[in-house]
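What follows is calculated from the coordinates using simple rules that are stated; it is not laboratory data. In this text the structure is predicted, and so the values were computed from the model without any measurement. Cβ atoms come from the backbone with ideal geometry, glycine included; neighbour counts cover every protein chain shown.
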């Protein structure tokens, strides 16, 4: 495939966000960029997208979402190393209660939970992503502003 151009990164990043990111809904009208995923490659790509969209790395906060029965400290360190962020950018992990009736397959040393990326002051970026994704999909972005 070769190296992606900045335009291609923006298109792919906007589509990735529209698939996996938090979106405005009638009951939640907040327009902010929040992305959560467990795939390290997708997290790396989303960080590349944010850099290409000129988001300052200091405007990012991170939170690990993981089962309480997992190695929370190791997961936190895994995501810290992967993102290159400062420890101060990481919020306290969100722990999912263990349900012994559920047969979990996401266990072991390769389980790192999900990483949530939150972009501070991101309303303008959210609107750009909405427009980029709509343009890439050939649709018109929904607008329900008063």
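I need the calculated FRET efficiency for the pair residue 23 and residue 120, taking r as the beta carbon distance and R₀ as 25 Å, to the nearest 0.05. Present the calculation step by step, with values, prior to reporting the outcome.
On the way: r = 18 Å, r/R0 = 0.72.
Computed FRET efficiency for residue 23 and residue 120: 0.90.
What fraction of the DSSP beta bridges in the chain is antiparallel, stated in percent and rounded to the nearest 5? Provide the component values of the computation, followed by the final result.
Working: 12 of 16 bridges.
Roughly 75 percent of the DSSP beta bridges within the chain come out antiparallel.
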Next on the checklist: With the alpha-carbon atoms as the only input, what is the per residue convex hull volume for the chain in Å³?
Outcome noted: 152 Å³
Next on the checklist: Test of understanding: what is the full-extension gain from residue 91 to residue 56, defined as 0.36 nm times their sequence separation minus their Cα-Cα distance?
Outcome noted: 10.8 nm
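Restricting to Cα atoms and excluding each atom paired with itself, what does the Kirkwood estimate give for segment 6-73 in Å? Intermediate results must be reported in sequence, preceding the final value.
Details: mean 1/r = 0.0740 Å⁻¹.
The answer is 13.5 Å.
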Checklist outcome for this item: Residue-normalised 222 nm signal for the chain, counting each DSSP H run of n ≥ 4 as -39,500 (n - 2.57), nearest 500 deg cm²/dmol, is -12000 deg cm²/dmol
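Between residue 71 and residue 48, what is the FRET efficiency for a Förster distance of 22 Å, r being their Cβ-Cβ separation, to the nearest 0.05? Could you put the intermediate results ahead of the total?
Working: r = 27 Å, r/R0 = 1.25.
E between residue 71 and residue 48, to the nearest 0.05, is 0.20.
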